[in-house]
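The structure appears below as structure tokens.
What follows is calculated from the coordinates using simple rules that are stated; it is not laboratory data. Keep in mind the model is a prediction, meaning the values are calculated, not measured. All Cβ positions, even for glycine, are placed from backbone atoms using ideal geometry, and neighbour counts span all protein chains on display.
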Amino acid sequence: MKTVSLKIDDLIFGETERILSRIKKPRNRYINEALEYYNRLQRRLIIEKKLQTESALVKNESMLVLDEFEEVDYAD
């Protein structure tokens, strides 16, 4: 396990301490769980952005292929 020193805004620290006193959870565990949750959220947002970018690329290519098909003369 790594040791990290960080500065927390007074308001956030105070709210955290109030919550911790009610839920009876160690501060270290609470912060670890918060970081784990936030990391999952950020990974999801990164994947979402990547999918949007790739989807746009596929869309453009699909439109080009569709245009080519529309130009084909289908003779019976």
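Every residue, every condition in (1) among the hydroxyl-bearing types (Ser, Thr, Tyr); (2) loosely packed, with under 10 Cβ neighbours inside 10 Å, yes or no:
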{"residue": "Lys2", "(1), (2)": "no, yes"}
{"residue": "Leu6", "(1), (2)": "no, yes"}
{"residue": "Asp10", "(1), (2)": "no, yes"}
{"residue": "Glu17", "(1), (2)": "no, no"}
{"residue": "Lys24", "(1), (2)": "no, yes"}
{"residue": "Arg27", "(1), (2)": "no, no"}
{"residue": "Tyr37", "(1), (2)": "yes, no"}
{"residue": "Glu48", "(1), (2)": "no, no"}
{"residue": "Asp73", "(1), (2)": "no, yes"}
Does Glu68 satisfy the criteria of being assigned to a helix (DSSP H, G or I), surrounded by 10 or more Cβ atoms within 10 Å (Cβ to Cβ) and among the acidic types (Asp, Glu)? no
